[in-house]
Structure formats: structure tokens, C-alpha cells
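The values are calculated or read from the model by the stated rules, or taken from the named source; none is laboratory data. Keep in mind the model is a prediction, meaning the values are calculated, not measured. When we count neighbours, we look across all protein chains shown, and the Cβ atoms used for this are built from the backbone with ideal geometry, even at glycine.
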Amino acid sequence: MSKINLINARRYILALSLSTAPFLTKIVKAREILPDPMGQLGSDTKAMGSTAVTRAGGYSTLIVNPGAAAFDEDYVLGLGYLGSARTLTASLVDNKSSFIGGGLYYNRRDTKKGDISNSSAGDFRRTEDRVGLSFFGKASDAIGVGAGVKWARRQSSVVVSNESNLNGDIGALIKLQGDLRIGASIVNIFDDDKGLHPRSIHIGVSQTTMKKLTVSAEMSFIEKPALDSQFSLLSSSRFTWGVGGEYRLDSFSFRGGYRDARPWNQRWVTGGVGVRADKFEANYAFEGLVDGVGESLHNVSLSVYF
């Protein structure tokens with residue numbers, strides 16, 4: 001090849017690269033990071049390493065395992081703010097009026113402003129609205145079961161499409177001798193390639209001693225998005241796990257935990273405190289990021305018991 005032809009070939013390759021660069025960039029950026037569904041949990045469970053599948057009552061129960069609420073007898077209204085994706089939450093749970101309990105929840109996530117570096121919150125700007133309705137009851141003195149349906153809508157200002165759809169959850173809790181509890185649930189039982197309801201499977205165990213000290217552990221499986229999905233995970237691992245503890249002293253609850261969220265390459269150390277005064281309960285949780293991309297988070301909630 002002559003020197004002139006070699007120069008022309010190089011010019012052609014350079015021009016082709018420049019002309020296709022924007023297109024290739026769009027392909028790479030089209031697969032945004034799938035949000036962690038456990039980021040929607042309430043402050044009381046976030047403080048315990050997000051070990052929620054055996055925890056009874058309230059907003060978090062409706063999110064991850066409606067069957068866990070079957071053994072409570074409460075009528076409770078809850079409000080909260082979560083640092084992950086600037087989430088506002090509201091819930092109403094009634095398992096006092098009838099042998100079949102029910103719960104309604106709403107949350108709104110907003111990342112259109114501020115920092116979006118926290119990978120598990122989803123690294124794209126959008127707002128999301130969710131409304132869920134759950135029912136639960138006792139199948140026997142030792143088994144609680146529950147199921148729920150929910151609707152979600154996403155409005156985005158980037159390449160991720162605006163979507164809305166329905167999905168559902170099922171869960172159960174087995175209460176053994178000595179207040180040993182085993183819980184399991186499938187969150188989002190239907191296929192979803194829109195990133196609104198990533199399917200996850202949860203199994204956990206907790207033990208309460210002398211009605212004061214509770215220790216818990218949980219493992220979750222996150223379904224990997226399909227190849228043609230708009231979303232991906234940061235890691236090939238699809239398992240998360242967490243451990244937590246709570247010590248109750250009079251009106252106060254002191255909590256701590258650890259969570260390994262490997263699909264998002266994140267590890268968290270958690271802690272928090274709750275205080276109950278008559279019919280009111282306030283909770284605070286801190287999530288300290290010890291490994292991964294993001295920032296530490298603060299979460300608060302207020303519950304009123306009737």
C-alpha cells in the first residue's frame with residue numbers, strides 16, 4: 001500500500017469513528033442501573049440491615065412480606081422520608097378490625113434534582129409513584145400468609161422510557177416456639193422488563209429473647225434484567241444479605257446492622273433509634289456506605305397507633 005493510500009485509509013477510519021461515536025454512546029448509556037427494590041423499606045428496618053421479611057407491622061411489611069403482619073393486632077398510620085432517591089412514604093395498616101387484615105401504602109421517589117451517584121437508587125433522573133394494597137391473615141396459630149397488588153408509574157427526562165404497570169407480592173411467616181420466626185416472600189411475582197418492579201425472593205429468620213433483644217438475618221435474590229431491558233446491574237452477583245439487631249429498653253429501641261448489596265457493589269453499616277410515647281412512635285435510621293458508589297443516607301418515620 002502506498003503512503004498516500006495509507007493516509008487516506010487512516011482518515012476514513014477516523015471519520016467513521018467520529019460519526020458513529022454518538023450512536024455508540026447512546027447504546028452504552030441506554031442500560032441504566034436497576035434500582036434496588038429494598039431501597040423502599042422504612043427507617044425501622046433499614047436500621048437493622050434491611051432485614052424486613054420477618055418484621056411485623058407497618059410500612060416495611062407491606063413492601064417486602066405482607067404475611068409478616070398476620071400476628072399483629074394494630075391499627076397504625078405511618079409517614080416517612082427515606083434518603084434513597086428522596087422518597088416520601090405513607091401507609092395505613094389495619095389487622096385489628098377483622099380476622100383478615102389489610103394495608104395500603106404509597107411512596108414517591110424523586111431523583112430529578114440533586115445527587116444521583118448512589119448506584120442502588122438508580123443512576124438516572126425520574127420520579128416514581130407507587131400505590132399498593134395488601135391483605136393478610138393467620139392460616140393457623142403458627143402460620144401467617146399475605147398477598148398484595150401494586151401499581152407503579154415512572155416519569156423520566158432521560159433515555160429511560162415513561163412507564164406504568166401492575167404487579168403483585170406473596171409472603172408467609174412461620175412462628176415457632178420461643179419466638180423464632182422464619183419468613184419468605186416473592187416480591188413482584190410477574191415478569192417486568194420496565195424496571196418498575198424487579199423481581200426479588202427473600203428468606204429470613206429472627207429470634208427474640210426476653211421480649212427485649214431481637215437478632216435477624218436475611219438473604220435476597222434479585223432477578224437479573226433481560227438482555228433487551230433498559231437496565232443492568234453493576235455486578236454479576238444477584239444475591240444480597242443482611243444481619244441486624246434491636247434492643248428495646250422501656251420506650252426506646254436501639255438498632256444496628258450490616259447489609260451487603262453485591263448487585264450494586266455496595267456495603268452498608270446501619271444504625272438507628274426509635275422512641276414510643278403512648279400512641280406515637282418516631283424512628284431514625286442511618287445508612288453508612290463503607291464500600292461502593294454513593295453517599296451515606298438518613299431516614300425518618302412517624303407512626304400513630306389507634
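Structure above, values below:
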| read-out | value |
| --- | --- |
| Unmet requirement for S236, which otherwise passes all of (1) hydroxyl-bearing (S, T, Y); (2) surrounded by fewer than 14 Cβ atoms within 10 Å (Cβ to Cβ); (3) within 16 Å of the chain's Cα centre (by Cα) | (3) |
| Failed item in (1) farther than 21 Å from G204 by Cβ; (2) among the polar types (S, T, N, Q); (3) at pLDDT 95 or above, with S134 passing the rest | (1) |
| Subset tally (residues that are over 13 Å from G58 (Cβ atoms), in contact with an Asp or Glu (Cβ under 6 Å, 6 or more places away or on another chain) and in a loop (DSSP other than H, G, I, E, B)) for the stretch 95-112 | 1 |
| Hits in the stretch 103-117 - residues which are within 15 Å of the chain's Cα centre (by Cα) and over 21 Å from N283 (Cβ atoms) | D110 |
| Verdict on G274 being under 16 Å from S84 (Cβ atoms) and in contact with a Ser or Thr (Cβ under 6 Å, 6 or more places away or on another chain) | no |
| Of all residues making up the stretch 50-64, the number that are polar (S, T, N, Q) and either touching a Cys at 6+ places or on another chain (Cβ under 9 Å) or assigned to a loop (DSSP other than H, G, I, E, B) (or both) | 3 |
| Considering residues of the stretch 229-244 that are at pLDDT 90 or above and assigned to a strand (DSSP E or B) only, the residue farthest from T270 (Cα to Cα) | F239 |
| Filtered residues of the stretch 115-166 (kept if of a type in the set (G, A, S) and either within 20 Å of G103 (Cβ to Cβ) or in a helix (DSSP H, G or I) (or both)) | S119, S120, A121, G132, S134, G137, A139, G144, G146, A147, G148, A152 |
| Check on I100, modelled with pLDDT of 90 or more, more than 17 Å from the chain's Cα centre (by Cα), among the β-branched types (V, I, T) and farther than 27 Å from A47 by Cα | yes |
| Tally of residues being farther than 19 Å from S119 by Cα, part of a strand (DSSP E or B) and free of Cβ contacts under 8 Å to residues at least 60 places away in the same chain across the stretch 215-228 | 2 |
| Positions within the stretch 44-100 being buried (at least 19 other Cβ atoms within 10 Å of the Cβ) and polar (S, T, N, Q), in sequence order | T45, S50, T51, T54, S60, T61, N65, S84, T87, T89, S91, N95 |
| All positions within the stretch 171-202 that are free of Cβ contacts under 8 Å to residues at least 40 places away in the same chain, part of a strand (DSSP E or B) and within 24 Å of Y106 (Cβ to Cβ) | I186 |
| Selection from the stretch 264-306 of residues that are assigned to a strand (DSSP E or B), basic (K, R) and under 20 Å from S91 (Cα atoms) | R276 |
| The lone exception for G58 - which of (1) on the phi > 0 side of the Ramachandran plot; (2) modelled with pLDDT of 90 or more it fails | (2) |
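Yes or no, residue by residue, for (1) within 17 Å of P37 (Cα to Cα); (2) surrounded by 15 or more Cβ atoms within 10 Å (Cβ to Cβ); (3) free of Cβ contacts under 8 Å to residues at least 40 places away in the same chain:
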{"residue": "Y106", "(1), (2), (3)": "yes, yes, yes"}
{"residue": "D110", "(1), (2), (3)": "yes, yes, yes"}
{"residue": "T127", "(1), (2), (3)": "yes, yes, yes"}
{"residue": "G144", "(1), (2), (3)": "no, yes, no"}
{"residue": "W151", "(1), (2), (3)": "yes, yes, yes"}
{"residue": "S164", "(1), (2), (3)": "yes, no, yes"}
